[in-house]
Amino acid sequence: MKLVEMVPNFSDGRNKDTITLLENAVKETQDAKLLDTEMDYDHNRSVITIVVTLERAAGLAYRLIQIASENIDMGTHTGAHPRFGATDVMPFIPLEDTTMDECVKISHEVGKLVGEKLGIPVFMYANSALSPERTSLENIRNKSFQIEQLRESIGSGRYIPDYGPSIVGSAGATIIGARDILVAWNIYLNTDNIHVGRKIASAIRGRDGGFAYVKSLALFIQEKKMVQISMNLVNYRKNPLYRIFQAVKAEASRYGISIAGSEFIGMVPREALVESFNYYMMSDLKNNNVLDFHAGKI
């Protein structure tokens with residue numbers, strides 16, 4: 001049985017009824033398993049993690065995009081995270097014996113259906129990109145170019161959809177593609193200074209000379225009154241979690257700021273966590289911080 005992981009990002013982190021409709025669609029699909037749901041109020045965004053058989057993946061993806069388009073109005077949407085549409089991103093990730101080429105094929109099947117039947121503009125990205133510049137998600141949608149800018153630019157220059165009309169309706173646009181496993185990770189800083197946050201995000205960002213496989217931006221999270229370094233780690237093996245955490249800690253300390261905490265969005269490969277656990281365990285042992293299970297302390 002060939003399996004695919006789907007991690008759709010929906011532009012609603014506040015209406016539980018809408019997310020329940022999406023979860024139920026997964027639960028009602030044969031050979032599909034709902035693994036995790038993350039709702040973020042400030043981002044106004046939800047991420048659902050699903051494992052499904054290869055043969056059911058396209059049908060489920062189309063159904064989820066359809067439900068989101070009927071229940072999320074991008075004309076009134078606000079949130080801290082960059083967004084293009086009701087279903088902002090629909091990635092397909094090959095698992096076990098499934099190949100990347102198979103996921104690319106599925107992604108284009110879904111993109112064509114969504115464009116033709118739902119009338120939603122579709123931009124293909126990552127391994128499914130039809131042009132080199134669309135391989136990177138941030139070249140399509142980013143903090144400076146979101147749905148408001150897309151409404152004015154769609155149909156011209158770099159913003160001609162791969163599928164669907166050059167019209168942005170209430171569901172916005174959708175970005176679809178096949179990619180490898182990534183880790184979505186947020187680190188919170190004990191500061192409300194977004195200017196410092198942007199400097200730290202830039203210091204670790206691959207395109208700015210930081211970690212090659214890290215994509216990052218700084219966001220102010222109103223609910224926590226803190227700056228968040230929001231990251232996508234597109235290769236956790238080459239850029240391990242602990243190295244990135246230590247780098248953020250070091251950069252923050254330059255400004256007299258400490259790390260308040262961190263969180264993962266969606267699922268994380270066990271290998272990535274074990275590697276970081278081992279790093280910090282060895283660091284403690286070298287510093288003679290021996291773990292005393294009986295006393296419950298280090």
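The values are calculated or read from the model by the stated rules, or taken from the named source; none is laboratory data. All values reported here derive from a predicted model rather than from experimental measurement. Positions of Cβ are generated from backbone atoms using ideal geometry, with glycine treated the same way; all protein chains shown enter the neighbour counts. Note: areas computed on protein heavy atoms with side chains; ligands, DNA, RNA excluded. Shrake-Rupley method; radii C 1.70, N 1.55, O 1.52, S 1.80 Å.
Assorted remarks:
- Restricting attention to segment 226-245 and to residues that are in contact with a helix residue (DSSP H, G or I) (Cβ under 7 Å, 6 or more places away or on another chain) and farther than 10 Å from TRP185 by Cα, the residue that is surrounded by the most Cβ atoms within 10 Å (Cβ to Cβ) turns out to be VAL227.
- Neighbours by Cβ (under 8 Å, 6+ apart or cross-chain): first from segment 64-81, over 15 Å from TYR41 (Cα atoms) and touching a residue at least 60 places away in the same chain (Cβ under 8 Å); second in a helix (DSSP H, G or I) and open to solvent by less than 30 Å² (accessible area, probe 1.4 Å): ILE65/VAL110; ILE65/VAL114; ALA68/THR18; ALA68/LEU22; MET74/ILE147
- Evaluation of ALA80 against the conditions (1) open to solvent by 10 Å² or more (accessible area, probe 1.4 Å); (2) of a type in the set (Gly, Ala, Ser); (3) outside any loop (DSSP other than H, G, I, E, B) shows that the sole unmet condition is (3).
- Test: residue in segment 233-249 that is touching a residue at least 24 places away in the same chain (Cβ under 8 Å) and part of a strand (DSSP E or B): yes
- Residues of segment 88-135 satisfying the condition of being in contact with a Pro (Cβ under 6 Å, 6 or more places away or on another chain), more than 21 Å from GLY157 (Cα to Cα) and outside any helix (DSSP H, G or I): MET90
- Residue match in segment 101-111 (condition: over 23 Å from LEU217 (Cα atoms), basic (Lys, Arg) and without any contact (Cβ under 8 Å) to a residue 24 or more places away in the chain): yes
- The C-beta contact set for segment 40-57 (first residue aromatic (Phe, Trp, Tyr), second residue surrounded by 21 or more Cβ atoms within 10 Å (Cβ to Cβ) and modelled with pLDDT of 95 or more, distance under 8 angstrom, 6+ apart or interchain) comprises TYR41/GLY13.
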